[in-house]
Amino acid sequence: QVVLFRNIIITIVALVAAIWQGKEVFPGWSSLLLAAGVCYFGMSGPLQLVFNQFGYDRDGFRGMLLSPAREVDILVGRCVAVALMSWGIALPCLIASHCVWPLHASHFIATVLQMLSLTLTTCLSGNMASILNPISTRSRSGHVHLAAMLISMMALSAAMVPLLPAFALLAIELLVKDFGWLGSVPWYLIGAAVTFAMVVASHRPLIRWQGELLRHRR
C-alpha cells in the first residue's frame, strides 16, 4: 500500500504544483517532457511490485504454483493486474497534463505507445528478478539482500533500454523542427511505434520461456 499510494500522492502534488505555477513558467518544448515524466513516475509505483512478486506474498504463490494453472498463466495474470493499476494512474495524469500543456497529436499517441512498451518490458524484467532472486519481506533481520537488490536494479535499467531509441528520435525531431520537410516528420511517433511493435512481437516467446524457467526453479 505504501508503494502504491506514495507515488500517487507525489504525482498529484507535483502536477498541482506545476499547474499552480502557471503555463508561462515552462517553455513550450517542455510540455512533452512534463507529461512523460508525470506518467512514468506515476506508473513506477505499481510496477515496482513486479520486481519482487514472489517475495511479497510467497505463501500465496506456493498455492498457485501447486495448482493446475500453468506457470506462464500465473506470470501473465500478475503482470496484467499490476499493469491495470499502473495505467489507472498514468493515463489520467497524461490527460490532465495534456489539458494544461496541450501536446501535439503525434506526441500524445507516441507517449501512450511508450507507456505500453514500458509496461511490457518492465513486466518481463520484473519476472526475471522475481524468479531468479526474490527478496523475502518476512525477514526481520538487519541483513541487506545486496545481490537481490542489484538484480532488481539491473532489471529496471534493462526495462528502460528499449525506450531509448524513440527518445533519441524525439531529440532529432526537436532539433530539425525548423528544417523544412524534415521538421514535419513525426520522428518520435515512428520510433515509439517501431519500439512497441518489436516489444509486442518478442513478449509472448519471452514470457513463455520465463514460465519454463519458473517451473524449473520452483
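Could you tell me the calculated FRET efficiency between ALA171 and LEU213, based on Cβ-Cβ distance and R0 = 45 angstrom, to the nearest 0.05?
0.80
Got a sec to turn the phi values of the stretch 168-178 into Karplus ³J(HN,Hα) couplings, 6.51 cos²θ - 1.76 cosθ + 1.60 with θ = phi - 60°, whole Hz, x for Gly and Pro?
Couplings: 5, 5, 5, 4, 5, 4, 5, 6, 9, 5, 9 Hz.
At R0 = 30 Å, how high is the FRET efficiency between MET154 and ILE9 if r is their beta carbon distance? Nearest 0.05 is fine.
Calculated transfer efficiency: 0.60.
Determine ³J(HN,Hα), in whole Hz, for all residues of the stretch 79-85 in sequence, where each value follows from phi through the Karplus function 6.51 cos²θ - 1.76 cosθ + 1.60 and θ = phi - 60°; x replaces Gly and Pro.
5, 5, 4, 5, 4, 5, 5
Ordered by packing density, taken as the mean number of other Cβ atoms within 10 Å over each peptide's residues, highest first, how do 102-115, 72-85 rank?
Top to bottom by mean Cβ count within 10 Å: 102-115, 72-85.
Explain nothing, just compute: Karplus ³J(HN,Hα) = 6.51 cos²θ - 1.76 cosθ + 1.60, θ = phi - 60°, for every residue of the stretch 110-123 in order, whole Hz, x for Gly and Pro.
After applying 6.51 cos²θ - 1.76 cosθ + 1.60, I find 5, 5, 4, 5, 5, 5, 5, 4, 4, 4, 5, 5, 5, 5 Hz.
Apply 1/(1 + (r/R0)^6) to the Cβ-Cβ distance of ALA105 and PHE179, taking R0 = 25 Å, and write down the FRET efficiency to the nearest 0.05.
The computed FRET efficiency comes out at 0.75.
Every number in this text was worked out from the coordinates using simple rules, so none of it is lab data. In this text, all values refer to a predicted model and were calculated from it rather than measured experimentally. Reconstructed Cβ throughout: ideal geometry from the backbone, glycine too, with neighbour counts over all protein chains shown.
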